[in-house]
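J.: Mind having a look at this structure? Questions to follow.
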Amino acid sequence: MRSFKLLPALVLVGASSVAAQSPTFGLGRTPAPEEVLAWDISISPTGEELPEGSGTAVDGALVYRRSCARCHGAEGVDGRAPRLVKSERGSDEDPWAYGRVLPIRSPYATTVWDYINRGMPLNREGTLTADQVYAITALLLYWNDLVAEDEVMNRETLPLVEMPNADTWAPLPDWAPGQPRWPGYPY
Amino acid sequence: MGAVAPGIGPTPVDAQSVETQSQEMDDYSSPELVAYGKRSPYVTSMRQPVNGRPSPDEFGLVFHIGTPLQDQVGAITPSALHYFGTTRGSFVPHIDPAEHRLMIHGMVDRELIFTMDELKRFPSVTRLHFIECAGNRSNSRHRTIIESHGMTSCAEWTGVLLRTLLEEAGVQDGGEWIIAEGLEEVKGTSSLPTAKAMDDIIVAYAMNGEPLRPQQGFPLRIVVPGFEGILSVKWLRRIKVVDRFYMTYNDYGHLRQDPSDAALSYQIGPKSVITSPSGGQELPGQGFYEVRGLAWSGGGRVSRVEVSTDGGRSWFDADLRGTPQPMAHTAFSFNWTWDGSETVLLSRCIDEIGQIQPTREEVAEFWGRPGVRGQDNSIQPWRVERDGSVHNAIV
């Protein structure tokens, strides 16, 4: 998928090298495809921006011990930083009661990968390799009973992990200027 | 040196206190203060951490810091007192504006990168807008307005309309959402409808006549008028046009199970609060008081504010200061002579699209369940006791 994404960008740069400036004000420049790739760390729910790489919970346990355990606790429950494992109060019938714990509450496993990749480990963000992020994501999903310990997480498998809140969240209303907050609500 | 004890305030009792005081006094003729002013040491209004979590926390992260609305005069919050919130705790990044870039990419005809200087060359807008955190909720445990309402502030923002930049890039068919990303350590990112981006979102580089303060996103942020504060992404470095709600970490953190709850948490409702007299203040005795407050709405301009000084039995129109602006604080006042008896002060906002600020009881009755659903825009009651002390009257 990554290579498909590169193609139109290259074509665009080729086509626009004569008129690299924007149409009305002529300000700014066209970024090189590598620049866009390097900056674009957002992962969509279907994972098309996910890079190559892979890992399992078994691999993740090693990285976690080295990079995460001192803040989040050895098992992700008793650290100074937020817990990473669902609470006992939740159930398949009431997944929201598992608590606001990213690897169980998020409707998509891609958000877990994205957040670890962009924001952790705190103070050393951006130092993990793609393999390490896949491996730790696999570990957190394993701890939350969502994948098996030896299940390989990569750009194909990660978006397919079934999260308990995939269908339980309310989408936002279509927005238009001058519209009330909620139709029929006087306040 | 020139600094002497000022002519107002209590007369110092002995020479030593004069000396101590003169050592602490700023020299307003010093080159530093001639070049860049400072407020009087007698003015001590301060922000404070709110919502039950320390800032900084044990990791040094800052989370929710409320603005001292009880001291605010007029609609604009001084930049140094503007409330300060982060999605989850964050550090404030140090950004050299000469190095800073904004990239616009994704489903656009022309991907673009701008320097700060280039952004400042675009046609600009200057608009008054409030920003309010979805966590700005009042409850019976709050004693002062900084705790109950301190996560809203209003500033005059200057920047380029995001629409101008998106038109430069050319949004492609199906590009119905944008994601906006900051460059702080978690690179906080939110999804926003392109319809809003094409309407009134400002890519702002200045507030209240000067560059943004670092805690407000220096050198660049977006201001999303009338929407919950988390969407006004600070330290803005990237906007990607996409075809769907992207479920970023920020998005995930604000999910709701119920569509009405999700909608009511998104756009800020009509809201007002009496800032003076408010919780924790004391009235020195019966007689004349100007009741003062702020009103605002995510739905547009404030069209009317009503005040009750008898616990809601009678309501009167308050005076609005200046011309209300869309999605901006509007200051109001009401002349009141206190007869010394116990009473409750209330205010309610009516906005230009007819939304009316509710009491907590009205919200509970509407939904048939206790509490305030969605963003809390309920009427704040302040009880004045016979001794002049003012208290939060939420039960």
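The values are calculated or read from the model by the stated rules, or taken from the named source; none is laboratory data. Note that this is a predicted model, so its numbers are computed, not measured. Positions of Cβ are generated from backbone atoms using ideal geometry, with glycine treated the same way; all protein chains shown enter the neighbour counts. Keep in mind that these areas ignore ligands, DNA and RNA; they rest on the heavy atoms of the full protein, side chains included. Shrake-Rupley method; radii C 1.70, N 1.55, O 1.52, S 1.80 Å.
J.: Taking N as the number of residues in chain B, what is its Cα Rg relative to 2.2 N^0.38 Å?
T.: Normalised by 2.2 N^0.38 Å, the Cα Rg of chain B equals 1.07.
J.: Sticking with this one: Measuring from centroid to centroid over Cα atoms, what is the spacing of the stretch B:30-46 and the stretch B:265-326 in Å?
T.: That distance is 31 Å.
J.: What figure, in Å² to the nearest 10, do you get for the accessible area of residue B:359 with a 1.4 Å probe and non-protein molecules left out?
T.: 40 Å²
J.: Here's another thing I want to ask about it. Between the stretch A:79-117 and the stretch B:124-154, how far is it from one alpha carbon centroid to the other, in angstrom?
T.: Measuring centre to centre over Cα atoms gives 29 Å.
J.: Distance between the C-alpha centers of the stretch B:194-227 and the stretch A:146-181? Whole Å please.
T.: Taking the Cα centre of the stretch A:146-181 as reference, the centre of the stretch B:194-227 is 29 Å away.
J.: For the pair residue B:395 and residue B:121, what calculated FRET efficiency results from E = 1/(1 + (r/R0)^6), where r is the Cβ-Cβ distance and R0 = 51 Å, to the nearest 0.05? Before the final figure, lay out the partial values.
T.: Details: r = 56 Å, r/R0 = 1.09.
So the FRET efficiency works out to roughly 0.40.
J.: If B:32, B:290 are ordered by their accessible area, calculated over protein heavy atoms with a 1.4 Å probe, which sequence runs from highest to lowest?
T.: These residues rank, largest area first, as B:32, B:290.
J.: What are the semi-axes of the equivalent ellipsoid for the stretch A:51-160, taken as the square roots of 5 times the Cα gyration tensor eigenvalues, largest first, in whole Å? Walk me through the numbers before you get to the answer.
T.: Details: eigenvalues 80, 57, 30 Å².
Taking √(5λ) for each eigenvalue gives 20, 17, 12 Å, largest first.
J.: While we're on this one: For B:61, A:146, A:160, write out the residues from largest to smallest accessible area, computed with a 1.4 angstrom probe and no ligands counted.
T.: A:160, A:146, B:61
J.: Hey, can you list the DSSP H helices of chain B whose Cα span along the axis is 30 Å or longer and whose average Kyte-Doolittle score is at least -1.0?
T.: Taking the DSSP H segments of chain B (at least 30 Å long, mean hydropathy at least -1.0), we get none.
J.: If we restrict to alpha carbons, what Rg and Dmax does chain A come to, in Å?
T.: Computed over the Cα atoms of chain A, radius of gyration and Dmax are 20.4, 62 Å.
J.: Round to the nearest 10 and give me the degree value, 0 to 90, for the angle of helix A:2-16's Cα axis relative to the longest principal axis of chain A.
T.: 20 degrees
J.: Ranked by accessible surface with a 1.4 Å probe, highest first, in what order do B:251, B:71, B:117 come? Intermediate values should be presented prior to the final figure.
T.: Working: B:251 10, B:71 75, B:117 115 Å².
Putting B:251, B:71, B:117 in descending order of accessible area: B:117, B:71, B:251.
J.: How tilted is helix A:57-67 with respect to the longest principal axis of chain A? Cα atoms for both, answer in degrees (0 to 90, nearest 10).
T.: 80 degrees
J.: Note down the accessible area of residue A:131, probe 1.4 Å, to the nearest 10 Å².
T.: Ignoring ligands and nucleic acids, residue A:131 comes out at about 80 Å².
J.: Can you compute the modelled spin-label distance between residue A:174 and residue B:323, with each label point 7 Å from Cα toward Cβ, in nm?
T.: 3.3 nm
J.: With equal scatterers on the alpha carbons only and no solvent term, can you work out the Debye log10 of I(q)/I(0) for the protein assembly as shown at 0.05, 0.09, 0.12 1/Å?
T.: Cα-only, vacuum Debye calculation for the protein assembly as shown: -0.24, -0.77, -1.26.
J.: Same structure, new question: Could you tell me the extents of the stretch B:353-395's C-alpha atoms along the three principal axes, largest first, rounded to whole Å?
T.: Its Cα atoms span 37, 26, 15 Å along the three principal axes.
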